[in-house]
Amino acid sequence: MIKSIIVNFVGIFNSRILGFIRDLLSASVLGANIYSDIFFVAFKFPNLFRRIFAEGAFTQSFLPSFAKSPYKPKFAWKVFITFLLIILGITILVNLFSYQITSILAYGFTQKAKEIAAPLVAINFWYLDLIFIVTFFASLLQYKNHFATTAFSTALLNISLIAALLYSMNLPKEKIIWYLSWAVVIGGAAQVIAHLIAAKRYKILKFLYIGAKSKKEVDLSTFKKHFLPSVFGNSTAHLSAFLDTWLASFLAAGSISYLYYANRLFQLPFALFAIAISTVLFPKITKALNNNQEKIALENMKKAFWYLFYLLIFASIVAIADAKEIVKLLFQRGAFTQKDTMETSVVLIMYMIGLVPFGLNKLFSSYLYATHRHLKAAKYSAISLGVNIVFSLALIFPLKVYGLALASSIGGIVLFFLTLKEFGFKLFINFFQKKYVLLMFLVIFGSIISAIVFKYAIIFLEGVL
């Protein structure tokens, strides 16, 4: 498991580093204004679905049903073609009614801003079709214990966006966001090609060809029953960020961009640690539970919990203590001003309060999906989202954009408590052994020292430069 986690970690880390180069260029070229807000709204819609699909929802409903299917090739092919046609139909509708959808996504935008954004929303949405194909093949590759292609191929989107920024950086901002939108589609196509190459190597294409030619009937009812609850159960953090974007369209120009850049920083440890570990863990505990090996599944859960908990504690302490320095180091140049740094750093602190609960929830919700408790996970996500909405509406007036990020974290805390309750407090308490608890205090102490060292190192470098 550790080897697979490391491979997944390195691949995601590579992608996120390129992602920060992309964001660095984006902040420098576009800054935080109405044009950056327009692109982030256009990209947010398909990216919301990408994160829901790619970060577990599809896999967590597909793999358990796939593992139990008596004729796997036909089952896989039928799921693939059914979903692809549905998503293609949705994409065509989005393209036909892009202005109406944009008006909903960015209700607070002016009419001119909506007119600029509408065609970009239509272009960006094609990324969803491509990312579904990627996710489908990624699920089958995970079943074969191959994680590298999916982990490393996410970098292709960032490479495409970086190339678009470099090519168009001297053009008017309205033209730059068009280049970025087409780069999203090109990046998605590159990811599909990478997965098709891996699928051929692992004989998945042949496997699907057999399924396509087969006349056998397969039952998708169990998968369909679990899919929508799984989507909703996995989407809380992303729906929260989407809600933040919608509400922020009513605030001052730049607010959506502050949320975007801060959420990107939040997503770094979330992806590196929570998603990397839970992605590797899920197929292992699914297979163990399917073979009636609950003790092995729980032992894997315990190890994964402590790995993840230590990493999330470290990331939270460093990011909260050094938020201003981190944002300044990464983004403050070109069109991104000192004011933008101050605003984004406070938003980052509000988001980072929820890192530990959101990250650990990702782990424990995987166990719920592996034990076919999809409806329970969806119920808890609905409650969490409701809490988030209430606090967003309550805090947006006194705290503006900061309140939206804080409301998201409060929703994450509620979600983790409910998920842990369903998993079982007694089972959870058994995870706590003396050696792990002692190490936890060492991690906290080391994190505080690291945060102090990092802060003064940045101050020293600024003085030298």
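Structural remarks
- Given (1) within 30 Å of Asn291 (Cβ to Cβ); (2) modelled with pLDDT of 90 or more, number of the condition Ser409 does not satisfy: (1)
- When the stretch 262-274 is filtered for residues that are modelled with pLDDT of 85 or more and open to solvent by 20 Å² or more (accessible area, probe 1.4 Å), the ones remaining, listed by number, are Leu268, Phe273.
- Test for Leu259: is it open to solvent by less than 10 Å² (accessible area, probe 1.4 Å) and either among the acidic types (Asp, Glu) or assigned to a helix (DSSP H, G or I) (or both): yes
- Any chance Ser278 is in contact (Cβ under 8 Å) with a residue 12 or more places away in the chain, buried (at least 21 other Cβ atoms within 10 Å of the Cβ) and over 26 Å from Tyr107 (Cα atoms): yes
- Flag if Ser230 is hydroxyl-bearing (Ser, Thr, Tyr), touching a His at 6+ places or on another chain (Cβ under 7 Å), crowded, with 20+ Cβ neighbours inside 10 Å and in a helix (DSSP H, G or I): yes
- If you check Val134, Val121 for being within 20 Å of Pro172 (Cα to Cα), under 21 Å from the mean Cα position of the chain (by Cα) and either crowded, with 22+ Cβ neighbours inside 10 Å or at pLDDT 85 or above (or both), only one passes: Val121.
- Looking only at the stretch 195-223, and only at residues there that are open to solvent by 100 Å² or more (accessible area, probe 1.4 Å) and closer than 25 Å to Phe147 by Cα, the one that is nearest to the chain's Cα centre (by Cα): Ile197
- Just so you know, in the stretch 241-256 the residues that are assigned to a helix (DSSP H, G or I) and among the aliphatic types (A, V, I, L, M) include one that is surrounded by the most Cβ atoms within 10 Å (Cβ to Cβ), and it is Ile256.
- Verdict on Ser26 being surrounded by 15 or more Cβ atoms within 10 Å (Cβ to Cβ), under 28 Å from Leu166 (Cβ atoms), among the hydroxyl-bearing types (Ser, Thr, Tyr) and modelled with pLDDT of 80 or more: yes
- Within the stretch 420-429, the set of residues being exposed (fewer than 12 other Cβ atoms within 10 Å of the Cβ) and either over 29 Å from the mean Cα position of the chain (by Cα) or assigned to a loop (DSSP other than H, G, I, E, B) (or both) comprises Lys426 only.
The values are calculated or read from the model by the stated rules, or taken from the named source; none is laboratory data. Being a predicted model, the structure only gives us computed values, none of them experimental. Every residue, glycine as well, gets a Cβ built from its backbone with ideal geometry; the counts of neighbours run over all protein chains shown. Side chains included, ligands, DNA and RNA excluded: accessible areas come from the protein's heavy atoms. Shrake-Rupley method; radii C 1.70, N 1.55, O 1.52, S 1.80 Å.
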